[in-house]
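Working notes, beginning with the structure itself.
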Amino acid sequence: MPEDTLTITDNRTGKSYTVPLFKGAVRAMDLRQIKTGPDDFGVMSYDPAFMNTASCQSAITFIDGDKGILRYRGYPIEELAEKCTFLEVAYLILFGELPTESELREWVDKVTHHTMIHENIKKFMDGFHHDAHPMGMFVSTIAALSTFYPDAKNIHDRHSRHLQILRLVGKVPTIAAYAYRHSLGLPYVYPDNSLSYTENFMSMLWKMPAEPKYEPNPVLARALDILFILHADHEQNCSANAMRSVGSAHADPYVATAAAAAALSGPLHGGANEAVLRMLDEIGSVDNVPAYIEKVKAGHVRLMGFGHRIYKNYDPRARIIKQTADEVFKVTGRNPKLDIALELERIALQDEYFVSRKLYPNVDFYSGIIYQAMGFTPDMFTVLFAIPRTVGWLAQWQEMLEDPEQKIARPRQIYIGHGLRHFVPMKDRTGREVPETQKV
Ligand code: CMC
């Protein structure tokens with residue numbers, strides 16, 4: 001018997017099957033042969049929320065959640081955050097290798113020359129209500145780009161794909177900044193090609209019309225660059241899965257990215273950074289932390305910014321963000337919310353509830369505190385996550401399209417509804433008792 005196999009005995013029939021292990025996994029389709037008879041569909045795997053199912057093979061990001069390890073294309077996140085710029089890491093994630101000097105120059109130049117957006121997109125954004133959530137504006141505007149670039153439908157053409165990648169990586173900061181300016185009622189600021197990716201973003205956010213040129217603070221620009229590096233990819237998370245799933249139907253990358261961004265907006269995913277700040281506001285002071293922890297333990301609320309599906313150890317990104325916070329606070333002054341966050345972490349990390357469930361701070365726990373100190377309002381936090389994650393989504397999308405094993409994503413279900421029943425005319429229908437759980 002070959003070693004890399006599993007033997008499965010079907011106790012219904014007494015039959016045994018030997019199935020190969022593929023890189024430590026069972027291929028779910030190999031279970032289909034296990035049947036009780038010719039009319040039996042065969043065994044499926046059942047895995048709500050993909051708790052133990054690999055949906056793809058990927059060479060982009062490696063995570064060891066027990067050890068708290070995160071690597072992009074093999075490089076530790078700590079080294080990349082210390083030594084690289086965001087666009088350098090974006091190149092690595094998208095194309096597999098760190099760029100040479102000339103490759104980086106060309107890449108930065110091309111991205112920089114795709115930062116402008118069509119004037120009609122500006123008009124489109126003007127249509128949003130003054131208090132529209134920037135994440136809603138971001139998602140909708142990214143989807144709207146699809147109508148401006150119909151050539152993006154050529155998803156099997158590598159050159160076209162590359163062009164859409166340049167456009168998206170170039171334009172997401174512009175759209176994010178315009179969403180921000182719109183919410184403040186300020187005029188939009190055109191991109192400045194003499195600035196770096198994050199400096200230009202800061203200029204589009206904060207340049208005042210009377211200023212001839214925006215002078216970004218180098219410490220804050222670097223901090224933003226590091227935060228972008230940390231958020232650039234995280235393998236098969238909810239939004240990457242949305243990107244791959246929508247992309248698998250051969251939808252264009254703009255609508256697929258919009259779908260991924262929509263997934264990111266949820267409070268259990270990227271929306272957690274905004275939720276953390278709202279939670280810290282609600283707690284109000286360090287004295288109230290123990291009572292809040294009790295509320296969490298009683299199951300009334302979740303400790304936002306804590307816990308992760310994959311990390312059962314300290315999220316390595318949270319550690320780097322904590323260090324970055326010190327640099328930022330030297331410029332902006334200390335955000336008083338940090339004390340509440342540190343106290344939450346201190347108590348949680350020694351409390352049986354959190355220890356036994358292996359709940360540690362995740363990337364969203366400290367990022368909002370830095371963003372707020374830099375001057376962002378909480379509703380912008382998830383947009384700040386979406387800008388760099390666009391790179392990860394696009395890398396996942398490319399990889400999915402080039403993987404010969406991938407097809408349209410289409411899970412199975414276990415049907416639990418009615419068996420066959422026949423139409424009942426209106427006059428013969430009787431009311432039904434509505435179960436408590438379905439009452440609205
Ligand atoms: N506060 C309190 N209890 C928690 C928390 C939390 N933040 N997270 C998990 N738990 C408990 C949960 O109640 C459950 O307890 P029990 O076994 O008694 O029912 C246990 O821990 C396992 O939780 P789960 O919900 O089954 O775990 P999951 O892998 O499905 O969820 C998560 C992961 C990130 C959605 C969850 O930890 C959570 O809701 N955290 C708060 C939101 C958050 O910070 N999200 C950002 C995630 S990192 C960045 C990103 O993805 O964008």
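The values are calculated or read from the model by the stated rules, or taken from the named source; none is laboratory data. Bear in mind the structure is a predicted one, so any value in this text is a computation, not a measurement. Glycine also receives a Cβ, built like all others from the backbone with ideal geometry; neighbour counts cover every protein chain displayed.
A few comments on the model shown:
- In region 217-236, the residues that are farther than 13 Å from Q323 by Cα and modelled with pLDDT under 95 form no Cβ pair under 9 Å with any partner that is part of a helix (DSSP H, G or I) and within 15 Å of the ligand (Cβ to nearest atom), whether six or more places apart or across chains.
- Selection count, region 388-438, where residues are touching a residue at least 12 places away in the same chain (Cβ under 8 Å) and closer than 24 Å to F95 by Cβ: 17
- Residue tally, condition touching a Ser or Thr at 6+ places or on another chain (Cβ under 7 Å), hydrophobic (A, V, I, L, M, F, W, C) and within 16 Å of the ligand (Cβ to nearest atom), over region 214-242: 2
- From the list D30, D66, D40, the one residue that fits, being in a helix (DSSP H, G or I), among the acidic types (D, E) and outside the structural domain of V363 (by TED's automatic domain parsing), is D30.
- Filtered by the rule that a residue be modelled with pLDDT of 95 or more, of a type in the set (V, I, T), buried (at least 16 other Cβ atoms within 10 Å of the Cβ) and within 9 Å of the ligand (Cβ to nearest atom), region 288-319 gives a lone residue, V296.
- Cβ-Cβ contacts under 8 Å between residues 6 or more apart (or on different chains), taken from a first residue in region 265-276 that is assigned by TED's automatic domain parsing to the domain that holds D364 and of a type in the set (D, E, K, R) to a second residue that is assigned to a loop (DSSP other than H, G, I, E, B) and more than 6 Å from the ligand (Cβ to nearest atom), are listed as E274/P267.
- Of the helices (runs of 4 or more DSSP H) lying entirely inside region 295-369, those carrying at least 3 residues that are under 19 Å from T382 (Cβ atoms) and in the same structural domain as L277 (by TED's automatic domain parsing) are 316-332.
- Region 47-64, subset touching an Asp or Glu at 6+ places or on another chain (Cβ under 9 Å) and of a type outside the set (S, T, N, Q), residue nearest to the ligand (Cβ to nearest atom): I63
- Residue-level analysis places A325 outside the set of residues that are among the hydrophobic types (A, V, I, L, M, F, W, C), in contact with a helix residue (DSSP H, G or I) (Cβ under 7 Å, 6 or more places away or on another chain) and within 14 Å of the ligand (Cβ to nearest atom).
- Test: residue in region 255-270 that is more than 24 Å from F62 (Cβ to Cβ), away from the ligand (no atom under 16 Å from the Cβ) and surrounded by 18 or more Cβ atoms within 10 Å (Cβ to Cβ): yes
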